[in-house]
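Since the structure comes first, as structure tokens, the remarks are kept for the end.
No value in this document is a laboratory result; all are computed from the given coordinates. Quick caveat, the model's predicted, so the values are computed rather than measured. Here the Cβ positions follow ideal geometry from the backbone for every residue, glycine too, while neighbour counts run over all protein chains shown.
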Amino acid sequence: MGLQVAIAGASGYAGGELLRLVDAHPDLDLGVIAAHGQAGRPLREVHPQLVTLGDRELVPTTAENLAGADLVFLALPHGASAAVAAELPADAKIVDLGADFRLVDGATYERYYATPHAGTWTYGLPELPGARSAIAASTRIANTGCYAVATTLALAPLIAAGIAEPADVVVTAASGTSGAGRSAKAHLLGSEVMGDLSPYKVGAHQHVPEIKQATGARSLSFTPFLAPMPRGILASVSARPARTGTTAADVRAVLAEAYDGEAFVHVLAEGRWPHTGAVSGSNSCHLQATVDIDSGRIVVVSVIDNLGKGAAGQAVQNANLVLGLDETAGLAVHGIAP
């Protein structure tokens, strides 16, 4: 018998990915699986891909149902986690996949999310300096946002090394439709998305303050796009060099040193550029960098699976640390292709 985990929000896309990962995890057992609107339904009707779990029934999302697990995953809409967490025992171990506890500054949170700030938990990106030990010593973890993971892994080492100017960062990124959640929305219908690429939340995306907080960037222009694919994120991160004469080799060397020995972050061989299909189904991030020959700007391209390293995979990685398990347990390094 392994450690028992409970999942709230199990009917969503991130919740479904958590179910898949936990069910195959060598050290975790799946306890209560909870939902809101889908409560009472068997899992086979909600996640038909999870055939061995088909007889399991979704129960209502209450603290009473979730309490007692060794760890609780909250895969709930933004703004919904705080109320549930407040009703769980004070010593309950929780990984929250929502945004409720990510930001340190309450005023900034309320500006971007238009709801009261519930507090700040340990930020769950193990590859940041000092983060791994902080996560392992914590019981409440704020899982990262999906765009924030892809951008932070590309940018944070460059600012920390003094090679990129923190006051001049521009990011354009495209995400698969699963990043918008599972609720029925007209603009997410297949006939609307196929053959189309569209921007959204231009100039006001909620991951901007999270990225600035995690990277040390002072000014960030971020433009996200909805891509006609179910999962994956590709981010192009551009920054003005802080040093005259910065070369692509300099940038690559900083990234390679920062992620030397990391299981899930990979700087690709020179000349090979990341693409989303290569990380699909995995917990990996692929990076490549250059310096633009015209503008002289640093450009780093980063790809992740938004449901993997951007959500459920990252949550399991954090849970492994909190529970004292092998950090990589139950998580795939290699993607699924084609």
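Checking 48, 89 one by one, the residue that is more than 16 Å from the chain's Cα centre (by Cα) and without any contact (Cβ under 8 Å) to a residue 12 or more places away in the chain is 48 and no other. Out of all the residues in region 51-69, which are of a type outside the set (Gly, Ala, Ser), under 22 Å from residue 28 (Cβ atoms) and not in a loop (DSSP other than H, G, I, E, B)? Passing the criteria: 51, 52, 53, 57, 59, 64, 65, 66.
Considering (1) part of a strand (DSSP E or B); (2) within 19 Å of the chain's Cα centre (by Cα); (3) not basic (Lys, Arg), the lone condition that residue 289 does not fulfil carries the number (2). Residues that are part of a strand (DSSP E or B), aliphatic (A, V, I, L, M) and touching a helix residue (DSSP H, G or I) at 6+ places or on another chain (Cβ under 7 Å) are absent from region 36-48 altogether. The set of residues in region 115-129 being without any contact (Cβ under 8 Å) to a residue 24 or more places away in the chain and under 21 Å from residue 150 (Cβ atoms) consists of 122 alone.
Take residue 168 and decide whether it is closer than 21 Å to residue 223 by Cα, touching a residue at least 40 places away in the same chain (Cβ under 8 Å), acidic (Asp, Glu) and crowded, with 17+ Cβ neighbours inside 10 Å. For residue 168, the condition - closer than 21 Å to residue 223 by Cα, touching a residue at least 40 places away in the same chain (Cβ under 8 Å), acidic (Asp, Glu) and crowded, with 17+ Cβ neighbours inside 10 Å - is met.
Going by the structure shown, is residue 296 out of contact with any Leu (no Cβ under 9 Å at 6 or more places or on another chain), buried (at least 20 other Cβ atoms within 10 Å of the Cβ), touching a residue at least 40 places away in the same chain (Cβ under 8 Å) and not hydrophobic (A, V, I, L, M, F, W, C)? Taking the combined requirement at face value, the residue does not satisfy it. Scanning region 250-266 for residues that are over 15 Å from residue 327 (Cα atoms) and of a type in the set (Asp, Glu) turns up 250, 257, 260.
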